[in-house]
Amino acid sequence: MRGVSLYLIGMMGAGKTTVGRLLAQQLGYGFVDTDDVIAQATGRAITQLFAEEGEAAFRQLESDVLAQVSAHINLTVATGGGIVLRRENWSYLRHGLIVWLDVPVELLYNRLAEDTTRPLLQDPDPRGKLRSLLEQRQPLYSQADLHIMVYEGETPEQIANRVMEAIPSVLKNPTSHQHKEN
Ligand SMILES: Nc1ncnc2c1ncn2[C@@H]1O[C@H](COP(=O)(O)OP(=O)(O)O)[C@@H](O)[C@H]1O
Ligand SMILES: O=C(O)C1=C[C@@H](OP(=O)(O)O)[C@@H](O)[C@H](O)C1
Ligand SMILES: [Mg+2]
């Protein structure tokens, strides 16, 4: 990887935080979760931030955090599912290798049905909400460097292993990141 950071994108519940942690261990990288950084910096949980400041304020914080994180190498970064929405965020994500964890809506729903920490899913029809969010975001997620389809029953370890195996096929030519060696 030569220090190139990994950015995990995908829907809420896709496993970015869980798989990202494993990938950081395997790569010997640091691990950053943009939601955690925001929560620590503000002293407020994501749900509380959405309720008190609104989504727009959260998105601004998210961009600010991503901008700072993208200055570093040797990181695995778990992003929030909506990071793809702002165009400016892509210029930061492109500092590293972008991996889309693509998980079917039914699986996302099963994982998050009892979860109260995703404010956007506090909706009378959470399954429909997941579907409409995915429909809106799919064209954005598909701009990732690596598309990992996740299947029912796969463990986080198995998914992390598949990401590791797929990385060499898309690793950007190091000469595009660094000066050519003489
Ligand atoms: N491969 C998996 N199989 C089963 N459950 C998973 C898997 N990956 C993550 N989870 C669970 O799904 C939920 C969402 O995972 P998380 O890593 O927080 O996703 P994200 O950060 O993409 O929202 C958590 O409860 C987590 O334990
Ligand atoms: O999809 C989204 O817009 C969001 C996803 C969440 O992160 P995860 O993708 O880690 O659940 C969190 O950033 C916030 O609740 C908004
Ligand atoms: Mg997460």
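Listed values, structure above:
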| read-out | value |
| --- | --- |
| Qualifying residue in region 52-60 (condition: within 14 Å of ligand 1 (Cβ to nearest atom) and in contact with a helix residue (DSSP H, G or I) (Cβ under 9 Å, 6 or more places away or on another chain)) | no |
| Unique match (being within 14 Å of ligand 2 (Cβ to nearest atom) and under 14 Å from residue 9 (Cα atoms)) among 65, 84, 105 | 84 |
| Region 1-27, subset in contact (Cβ under 8 Å) with a residue 24 or more places away in the chain and open to solvent by 60 Å² or more (accessible area, probe 1.4 Å), residue farthest from residue 105 (Cα to Cα) | 2 |
| Scope region 4-24; condition touching a strand residue (DSSP E or B) at 6+ places or on another chain (Cβ under 7 Å) and within 10 Å of ligand 1 (Cβ to nearest atom); matching residues | 8, 9, 10, 14, 15, 16, 17, 19, 20, 21 |
| Boolean, residue 94 is of a type in the set (Lys, Arg), away from ligand 2 (no atom under 15 Å from the Cβ) and open to solvent by 70 Å² or more (accessible area, probe 1.4 Å) | yes |
| Residue match in region 118-132 (condition: open to solvent by less than 60 Å² (accessible area, probe 1.4 Å), among the hydrophobic types (A, V, I, L, M, F, W, C) and part of a strand (DSSP E or B)) | no |
| Residue within region 38-46 that is in contact with a helix residue (DSSP H, G or I) (Cβ under 9 Å, 6 or more places away or on another chain), open to solvent by 70 Å² or more (accessible area, probe 1.4 Å) and of a type in the set (Val, Ile, Thr) present | no |
| Strands (runs of 3 or more DSSP E) within region 1-108 that include 1 or more residues within 15 Å of ligand 3 (Cβ to nearest atom), within 12 Å of the chain's Cα centre (by Cα) and farther than 17 Å from residue 139 by Cα | 6-9, 30-33, 75-78 |
| Scope region 143-182; condition open to solvent by 70 Å² or more (accessible area, probe 1.4 Å), within 23 Å of residue 90 (Cβ to Cβ) and modelled with pLDDT of 95 or more; matching residues | 143, 147, 149 |
| Search result, residues across region 43-63 that are touching a residue at least 40 places away in the same chain (Cβ under 8 Å) and of a type in the set (A, V, I, L, M, F, W, C) | 45, 46, 50, 51 |
| Qualifying position, being touching a Leu at 6+ places or on another chain (Cβ under 8 Å) and more than 29 Å from residue 60 (Cβ to Cβ), among 99, 150, 105 | 150 |
| Unmet requirement for residue 1, which otherwise passes all of (1) more than 14 Å from residue 98 (Cα to Cα); (2) more than 10 Å from ligand 1 (Cβ to nearest atom) | (1) |
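The values are calculated or read from the model by the stated rules, or taken from the named source; none is laboratory data. Bear in mind that the values here come from a model prediction, so they are computed numbers and not experimental data. We place every Cβ from the backbone using ideal geometry, glycine too, and count neighbours over all the protein chains shown. All accessible areas refer to the heavy atoms of the entire protein, side chains included, with ligands and DNA or RNA removed. Shrake-Rupley method; radii C 1.70, N 1.55, O 1.52, S 1.80 Å.
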